[in-house]
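Colleague: Encoded as structure tokens, here's the structure I'll be asking about.
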Amino acid sequence: MSSSQAPSILYNKLDDAGEKYEHRMDLTYDLFKGVSFKLDNLASEQEVAKQIAAMPEIKQMWPVREYPVPNDKIVWTGNSNTASPALNTINKRQSSDNDTFSPHVMTQVDQLRARGVRGAGIKVAIVDTGIDYDHPALGGCFGEGCLVSFGTDLVGDAYTGGAAPPVPDDDPDDCGGHGTHVAGIVAAQVNPYGFTGAAPDVTLGAYRVFGCEGSAGNDVLIAAFNQAYEDGADIITASIGGASGWTEDPWAVAVSRIVDAGTPCTVSAGNSGDQGQFYASTAANGKGVASIASVDNTQAPAILLNASYNVANSSSAASFGWTEGSPSGWGNISLPLWSVNYNTSDPANACDPLPDDTPDLSEYLVLVRRGSCTFVQKVENVVAKGAKYVMFYNNAAGATSVAADVEGLVAVGMTTAETGAQWISILSNGTDITVNIVDPDSAGQYPSTRDNTATGGFLSTFTSWGPTYELDFYPQFSAPGGLILSTYPLELGGYAVLSGTSMACPLAAAVYALVSEVRGTLDPSTLEAVIASTANPNLFHNGVSASPFLAPTTQQGAGLIQAYDAAYTNAFLSVGSISFNDTDNFLESAEFTIRNIGDDEITFALSHVPAATTYTLASDSIYPQEFPNEFTSSSATIEFSEKEVTVPGNGETTVSMTLTPPTGLTTARLPVYNGYIALNGSDSSSLSLPYLGVAGSMKAATVLDTRSTYLTSSTDPAFNPSAANTTFTIPGRNATGGANTTYPAIAVSLALGSPLILVEAHPAGSETSLGNIYGFPSPYNPRGATVSRWNGLLQNGTVVPAGSYELVTRALRIFGDAEDEGDYDVATSVPFTLRYT
Amino acid sequence: MGGALKLLSLATALLTPLVQSLDVPEAQIVPGAYIVELAENKVSLVI
């Protein structure tokens, strides 16, 4: 029978049982055959769901979970009323052929672009909020022949996640903004802001999974990935995720199948760096899925107000950028420029009262250098000579907002150090300058950048850390995601600067497109291995300063993508990473193959470069330590079969190695040792292979916080512990409780993820289990706290009689044996009484 | 009684990390909504 008939069998069964339901989505695809639905009667849905799960036609059943739009930081957005920037400024920036966009320079995309590699012929599907395809930098149209040439809206504008079903339509336009920003990072065309996407010749697919507000269900996400795959997407990318840490999550499983079928998938690693290690996100943590971490841009985009100036009597005006301050009564003015002096390194410009021969400054724009004393003090000194309008020039990067509310001053602003120096140079030659200010409310924008000397090039502090609980390597590699300028819906300003792994992920997807264009393959494992082995490992940065040691591979993966090297290196490694796992599952020796596709032999010197060994758990705690984690200098040692290997032209050589974990560590805190195997080739190539392992036992680690796992009540907004012997009076089996009905509930706090949680009902004081309460066993749980109410229904479909009970929560430890009672952490609730109305 | 009070106050004190954890955005379950995957090799048995 066709798979489309199977849901009807399911629905016939529900009809026969008199259950009302709502069909949500057909999931009828080559790689996933199923359906999603919602049962209307929440009083009986648990029992019905159990019967459905037991049907022979059903292979697996999961609750629908919803994932929010990532919490990326919006640094700046354009103004839709004044969106046109200063074009004569843009002309000094990059053209399509000369790529100087800093995220591209950081990742060698500029070098591929110089060779004309632009992703031609490759279809990249973006699963997100849709794409504003009307945007001129995104092609201006949707459909065949357009940049956004395929895709669909799987949910409709009104979809918010939650119980309401998606209402698909054919129009994947974007009302949120996230997807349009992602799309521009991949393939934006030449635009007034002077950047393009990394792969501007790809065609884009827009698979919209969010409405204008709210979240996306994982049924929608599974459908979107499979639809994109069946529509012939060559690469699928999603900057979406939720806390998981388990490769078995249903969305992750669905994406892994697509990767196994030969289509690379990139998914953002997550923006939960503050949570410390072991905070992998789904579906990025799926097997074979490329999880993308974020580094900060070396150039911080800064969008200033546009104004102009004329030199002497020239009619040709030049643009400059500035920032308004307070007061800001600028209006539209043209005034001659007057400077306190012509010294561009004067540390105390206008800190002292101006000399007696200073002219009346009321008809000038007064130029003052920043520094040494307060803005107010400087302004008071020039206002004393009649100044009404003051323009500071900076003594540092960029132009910041100035507050100098001094009586008599009409307006103040700041321009850059470069503009100030240019003006001083002209004035010092005795040449006049007239500055033309357009009121800030209607001024255009002046795109600019400044060096990000604080964090540029380092891992973003927000980027989520791996590995998965079963020690799969995570993330795979990193790309610029902090402070990224890209397209934004026209109605939201047209352009925006955002920060998040959401911004790193599409750049990685674009690099997959560029590298696959050069290499002529889309094989996911080949591309992952070649991108990983050519990536640049980076030093650790805590957000304030850099450390002299490499950031852990659990934060940066293989390092910052280097697209040109990935596309053209003659040497491939057979794997992208190695996990030596924990002490219980230790991989004593490992091997990898170096393949040389060039004609000349290459000799590689092998060495080991440790990165920072990182404690997972806080000292004397079962909980992971928050960012930044404690490091230790104790690292693993690696012995290679040979210190130098020669790989013949068009041949391959296998390297084997044995690793000895570091010693002297507090193994109970789950120290993660990690680093790189470095291969320096005689052809000047430099490859690296990242690895990780845990110098401790994952199974020995406590997963359940037994002191914070307790009985509570469903209507307590703070979920405080219920007192012993509390009586809960709830509706009977066939009755529906109102919103105010107080059910007993179990609060379960996981310090680490658990592969299986059981919550069993016992008669109070008895060790005899009546069975799991409905909703349990719960497989593959992320860390954190959850509260589950109980209506008396057991997982076996029976309802317990009125009486006194305890709830016994058992959480299986990581790598634990579900059949071994000793592998569970156990918490028993206080007794309580259950009564039915 | 004294013991119960002590336990309650201990549990309350320990609630802080729980509440913090609840603040972390997590994937929420949609009540009553399910995804099912069909067992293709068993589907033919029910025709």
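Colleague: Which residues, taken from the range A:397-425, are touching a helix residue (DSSP H, G or I) at 6+ places or on another chain (Cβ under 9 Å) and of a type in the set (D, E, K, R)?
Modeller: Scanning the range A:397-425 gives A:405, A:407.
Colleague: Before we move on, is residue A:397 within 18 Å of residue A:419 (Cβ to Cβ), of a type in the set (A, V, I, L, M, F, W, C) and assigned to a loop (DSSP other than H, G, I, E, B)?
Modeller: In short, yes.
Colleague: On to the next question. Under 9 Å between Cβ atoms, at least 6 apart or on separate chains: pull out the pairs that start in the range A:808-824 with a residue that is without any contact (Cβ under 8 Å) to a residue 12 or more places away in the chain and assigned by TED's automatic domain parsing to the domain that holds residue A:771 and end on any residue that is small (Gly, Ala, Ser) and part of a loop (DSSP other than H, G, I, E, B).
Modeller: Hits for this filter: A:822/A:816.
Colleague: Check A:116, A:162 and return the single one that is at pLDDT below 95 and out of contact with any helix residue (DSSP H, G or I) (no Cβ under 9 Å at 6 or more places or on another chain).
Modeller: A:162
Colleague: Looking only at residues in the range A:14-59 that are of a type in the set (S, T, N, Q) and modelled with pLDDT of 85 or more, which one is nearest to residue A:162 (Cα to Cα)?
Modeller: Here the answer is A:36.
Colleague: Something else now. In the range A:434-488, what residues are within 22 Å of residue A:70 (Cα to Cα) and aromatic (Phe, Trp, Tyr)?
Modeller: Result: A:458, A:462, A:465, A:474, A:477, A:488.
Colleague: I've got another one for you. Select from the range A:279-303 the residues that are within 14 Å of another protein chain (Cβ to nearest Cβ), in contact with a Ser or Thr (Cβ under 6 Å, 6 or more places away or on another chain) and not in a strand (DSSP E or B) and write down the one among them that is surrounded by the fewest Cβ atoms within 10 Å (Cβ to Cβ).
Modeller: A:279
Colleague: Given the condition hydroxyl-bearing (Ser, Thr, Tyr), surrounded by fewer than 22 Cβ atoms within 10 Å (Cβ to Cβ) and either in a helix (DSSP H, G or I) or assigned by TED's automatic domain parsing to the domain that holds residue A:117 (or both), answer yes or no: does some residue in the range A:483-490 qualify?
Modeller: No, because not a single residue in the range A:483-490 is hydroxyl-bearing (Ser, Thr, Tyr), surrounded by fewer than 22 Cβ atoms within 10 Å (Cβ to Cβ) and either in a helix (DSSP H, G or I) or assigned by TED's automatic domain parsing to the domain that holds residue A:117 (or both).
Colleague: Still on this structure, I have one more. Need at least 3 residues that are away from chain B (no Cβ under 13 Å) and either closer than 30 Å to residue A:468 by Cα or in contact with a helix residue (DSSP H, G or I) (Cβ under 7 Å, 6 or more places away or on another chain) (or both) per element, so show me which strands (runs of 3 or more DSSP E) inside the range A:709-795 make the cut, counting only ones lying wholly within it.
Modeller: Qualifying strands (runs of 3 or more DSSP E): A:754-763.
Colleague: Of (1) part of a helix (DSSP H, G or I); (2) more than 15 Å from residue A:295 (Cβ to Cβ), residue A:575 satisfies all except one. Which?
Modeller: Result: residue A:575 passes all but (1).
Colleague: With respect to residue A:674, determine if the residue is closer than 23 Å to residue A:275 by Cα, modelled with pLDDT under 95 and in contact with a Ser or Thr (Cβ under 6 Å, 6 or more places away or on another chain).
Modeller: no
Colleague: Evaluate the following for residue A:528: is it in a helix (DSSP H, G or I), modelled with pLDDT under 95 and outside the structural domain of residue A:647 (by TED's automatic domain parsing)?
Modeller: Spelling it out, it is not the case that residue A:528 is in a helix (DSSP H, G or I), modelled with pLDDT under 95 and outside the structural domain of residue A:647 (by TED's automatic domain parsing).
Colleague: Ok, one more. Can you find even one residue in the range A:801-813 that is crowded, with 21+ Cβ neighbours inside 10 Å, out of contact with any Cys (no Cβ under 8 Å at 6 or more places or on another chain), farther than 16 Å from residue A:708 by Cα and not aliphatic (A, V, I, L, M)?
Modeller: The answer is yes, given that some residue of the range A:801-813 is crowded, with 21+ Cβ neighbours inside 10 Å, out of contact with any Cys (no Cβ under 8 Å at 6 or more places or on another chain), farther than 16 Å from residue A:708 by Cα and not aliphatic (A, V, I, L, M).
Colleague: Okay, next question. Say we look at the range A:451-473 and pick out the residues that are of a type in the set (D, E, K, R) and closer than 23 Å to residue A:784 by Cα; which of these is surrounded by the most Cβ atoms within 10 Å (Cβ to Cβ)?
Modeller: In this case the residue turns out to be A:472.
Colleague: Does the range A:255-275 contain any residue that is surrounded by 23 or more Cβ atoms within 10 Å (Cβ to Cβ), touching a residue at least 12 places away in the same chain (Cβ under 8 Å) and over 18 Å from residue A:476 (Cβ atoms)?
Modeller: no
Colleague: If you don't mind, there's one more thing I want to ask. Is it true that residue A:521 is part of a loop (DSSP other than H, G, I, E, B), of a type in the set (Ser, Thr, Tyr) and in the same structural domain as residue A:481 (by TED's automatic domain parsing)?
Modeller: For residue A:521, the condition - part of a loop (DSSP other than H, G, I, E, B), of a type in the set (Ser, Thr, Tyr) and in the same structural domain as residue A:481 (by TED's automatic domain parsing) - is met.
Colleague: In the range A:250-277, which residues are of a type outside the set (A, V, I, L, M, F, W, C) and either under 17 Å from residue A:782 (Cβ atoms) or not assigned by TED's automatic domain parsing to the domain that holds residue A:512 (or both)?
Modeller: Across the range A:250-277, the qualifying residues are A:250, A:268, A:270, A:271, A:272, A:273, A:274, A:275, A:276, A:277.
Colleague: A further question follows. Hey, does the range A:487-500 have a residue that's charged (D, E, K, R) and modelled with pLDDT under 95?
Modeller: Yes, the range A:487-500 contains at least one residue that is charged (D, E, K, R) and modelled with pLDDT under 95.
Matching residues to (1) farther than 17 Å from residue A:484 by Cβ; (2) without any contact (Cβ under 8 Å) to a residue 12 or more places away in the chain; (3) of a type in the set (A, V, I, L, M); (4) surrounded by fewer than 23 Cβ atoms within 10 Å (Cβ to Cβ):
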| residue | (1), (2), (3), (4) |
| --- | --- |
| A:172 | yes, no, no, no |
| A:182 | no, no, yes, no |
| A:197 | no, no, no, no |
| A:207 | yes, no, no, no |
| A:214 | yes, no, no, yes |
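Colleague: Which residues, taken from the range A:33-49, are surrounded by 19 or more Cβ atoms within 10 Å (Cβ to Cβ) and either closer than 17 Å to residue A:12 by Cβ or within 7 Å of chain B (Cβ to nearest Cβ) (or both)?
Modeller: A:33, A:34, A:35, A:36, A:37, A:38, A:39, A:45, A:48, A:49
Colleague: Kindly establish whether residue A:38 is of a type in the set (Lys, Arg) and outside any strand (DSSP E or B).
Modeller: no
One line per residue, one yes/no per condition, for (1) among the hydroxyl-bearing types (Ser, Thr, Tyr); (2) in contact with a Lys or Arg (Cβ under 6 Å, 6 or more places away or on another chain); (3) touching a residue at least 12 places away in the same chain (Cβ under 8 Å):
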{"position": "A:315", "(1), (2), (3)": "yes, no, no"}
{"position": "A:319", "(1), (2), (3)": "yes, no, yes"}
{"position": "A:327", "(1), (2), (3)": "no, no, yes"}
{"position": "A:339", "(1), (2), (3)": "yes, no, yes"}
{"position": "A:353", "(1), (2), (3)": "no, no, yes"}
{"position": "A:358", "(1), (2), (3)": "yes, yes, yes"}
{"position": "A:361", "(1), (2), (3)": "no, yes, yes"}
{"position": "A:376", "(1), (2), (3)": "no, no, yes"}
{"position": "A:381", "(1), (2), (3)": "no, no, yes"}
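Colleague: Can you name the residue in the range A:414-462 that is in a loop (DSSP other than H, G, I, E, B) and of a type in the set (D, E, K, R) and, of all such residues, is farthest from residue A:73 (Cα to Cα)?
Modeller: Checking each candidate, the answer is A:432.
The values are calculated or read from the model by the stated rules, or taken from the named source; none is laboratory data. All values derive from a computational prediction rather than experimental measurement. Ideal geometry is used to build each Cβ from the backbone, glycine not excepted, and the neighbour counts take in all protein chains shown.
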